[in-house]
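K.L.:
Take this structure, written in structure tokens, and hold onto it; I'll ask about it next.
What follows draws every value from the coordinates through simple rules; no lab data is involved. On a predicted model such as this, the values are computed, not experimentally measured, just so you know. Here the Cβ positions follow ideal geometry from the backbone for every residue, glycine too, while neighbour counts run over all protein chains shown.
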Amino acid sequence: MKQSIDAIANNLQTIREARKLSLDKLSGLTGVSKSMLRQIETGKSSPTIATIWKIANGLKVSFTSLLKKPVVEAEVRSFKDGKPLTAESEHYRLFPLIPFEPEQSFETYFIEIDPDTTFSGEPHEGNVYEYVFVLKGQLEISVDGKGFKINENEFLQFKANCPHDYKCIGKKMASAIMQISYLS
């Protein structure tokens, strides 16, 4: 996880300085305390998924723009490289796979959700779609209050500008690939 913490620290500081934002101003934009932002920028804190989303939404950047590492030309990687980002007492695990780049306009994650765990996704701003490909287990995804049951080898696509929840409804852990597409 050290590489992810370093990437978040470097990317946050680079974006903040490029926009000439003080930590106070950044705190006002994101709703994250100045002291937490300082800890993140210095690599002394590993932020939660919710905190990263607050920062991304406040800065109006993609989630993975805060996580991305330098690009390589070719590389074989595991879905589960490094320590995951977690939520819901570590019963929801998110592994960044492909970071957002303006020329490709999407980002991709591998997710794991333990049985009886619900994760509430933040509404995205703009013309954003999510695609969730269930590899193992069963998920129920609620989009603006309407529930969709997705089994292994099925996927759901939805416009993600409204509240959406992910719930593992099976007796075993669910895993999925999630892709977020930013359309213009």
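K.L.:
Please express the shape of the chain as an equivalent ellipsoid: the semi-axes are the square roots of 5 times the eigenvalues of the C-alpha gyration tensor, given largest first in whole angstrom.
P.N.:
Values: eigenvalues 150, 62, 54 Å².
That gives 27, 18, 16 Å for the three semi-axes.
K.L.:
Further question on the same structure: Note down the nm distance, to one decimal, between modelled labels 7 Å out along Cα→Cβ at Lys159 and at Leu135.
P.N.:
About 3.0 nm, to one decimal.
K.L.:
What FRET efficiency comes out for the pair Thr86/Lys20, r = Cβ-Cβ distance, R0 = 30 Å, nearest 0.05?
P.N.:
Here the calculated transfer efficiency is 0.35.
K.L.:
I'd like the trypsin sites (Lys or Arg not before Pro) in the stretch 153-184 restricted to DSSP loop residues with at most 16 other Cβ atoms within 10 Å, sorted by number. Write out the running numbers ahead of the final one.
P.N.:
Numbers: sites: Lys159, Lys167, Lys171, Lys172; in loops: Lys171, Lys172.
In loop regions of the stretch 153-184 (DSSP not H, G, I, E or B), the sparsely surrounded trypsin sites (Lys or Arg not before Pro) are Lys171, Lys172.
K.L.:
What FRET efficiency, computed as 1/(1 + (r/R0)^6) with R0 = 41 Å and r the Cβ-Cβ distance, is obtained for Thr42 and Ser105, rounded to the nearest 0.05?
P.N.:
Plugging the Cβ-Cβ distance into 1/(1 + (r/R0)^6) gives 0.85.
K.L.:
First select every other residue whose beta carbon is under 11 angstrom from the beta carbon of Leu135; then total the charges, Lys and Arg +1, Asp and Glu -1.
P.N.:
Working: positive: Lys136; negative: Glu112, Glu152, Glu154.
Computed value for this residue: -2.
K.L.:
Separate question: Hey, with R₀ at 35 Å, roughly what FRET efficiency would Ser33 and Lys146 work out to, going by the Cβ-Cβ distance, to 0.05? Each step should come with its number before you reach the end.
P.N.:
Details: r = 35 Å, r/R0 = 1.01.
For R0 = 35 Å, the calculated efficiency reads 0.50.
K.L.:
By how many nm would the segment from Phe79 to Lys172 lengthen if fully extended, with 0.36 nm per residue of separation less the alpha-carbon distance? Walk me through the intermediate numbers first.
P.N.:
Numbers: separation 93, 0.36 × 93 = 33.48 nm, distance 1.87 nm.
Going from the current span to full extension adds 31.6 nm.
K.L.:
Something else: For the chain, what does the helix formula give at 222 nm: sum of -39500 (n - 2.57) over DSSP H segments with n ≥ 4, over the residue count, nearest 500 deg cm²/dmol?
P.N.:
Details: 4 runs with 44 residues, N = 184.
Computed mean residue ellipticity for the chain: -7000 deg cm²/dmol.
K.L.:
How charged is the neighbourhood of His91? Take every other residue with its Cβ under 12 Å from the Cβ of His91, and add Lys/Arg as +1 and Asp/Glu as -1.
P.N.:
Values: positive: Arg93, Lys167; negative: Glu88, Glu90, Glu112, Asp114, Asp116.
In short, -3.
K.L.:
Taking the Cβ of Ile177 as the center, what net charge do the other residues with Cβ under 15 Å away carry, scoring Lys and Arg +1 and Asp and Glu -1? List each step's numbers first, then the result.
P.N.:
Working: positive: Arg77, Lys80, Arg93, Lys136; negative: Asp81, Glu107, Glu112, Glu130, Glu152, Glu154.
Local net charge: -2.
K.L.:
Can you find, among Ser45, Ala176, Ser78, the residue farthest towards the positive end of the dipole of the chain? Put +1 on the C-beta of Lys and Arg, -1 on that of Asp and Glu.
P.N.:
Farthest towards the positive end: Ser45.
K.L.:
Which pairs, out of Lys83/Lys146; Lys149/Lys171; Lys25/Lys83; Lys34/Lys60; Lys44/Lys69, put more than 21 Å between their alpha-carbon atoms? Could the numbers behind the result be given before it?
P.N.:
Values: Lys83/Lys146 32 Å; Lys149/Lys171 14 Å; Lys25/Lys83 31 Å; Lys34/Lys60 18 Å; Lys44/Lys69 18 Å.
From Lys83/Lys146; Lys149/Lys171; Lys25/Lys83; Lys34/Lys60; Lys44/Lys69, over 21 Å: Lys83/Lys146; Lys25/Lys83.
K.L.:
Now for a different question. On alpha carbon coordinates alone, what is the Rg over Rh value for the stretch 2-66, Rh being the Kirkwood radius? Mind showing how you got there, number by number?
P.N.:
Working: Rg = 10.2 Å, Rh = 11.3 Å.
Checking Rg against Rh, the ratio lands at 0.90.
K.L.:
With only Lys, Arg, Asp and Glu charged, each at its Cβ (+1 for the first two, -1 for the last two), find how big the charge dipole of the chain is about the Cα centre; round to the nearest 20 debye.
P.N.:
Numbers: 23 positive and 23 negative charges, 107 e Å.
Using Cβ point charges on Lys, Arg, Asp and Glu, the chain gives about 520 debye.
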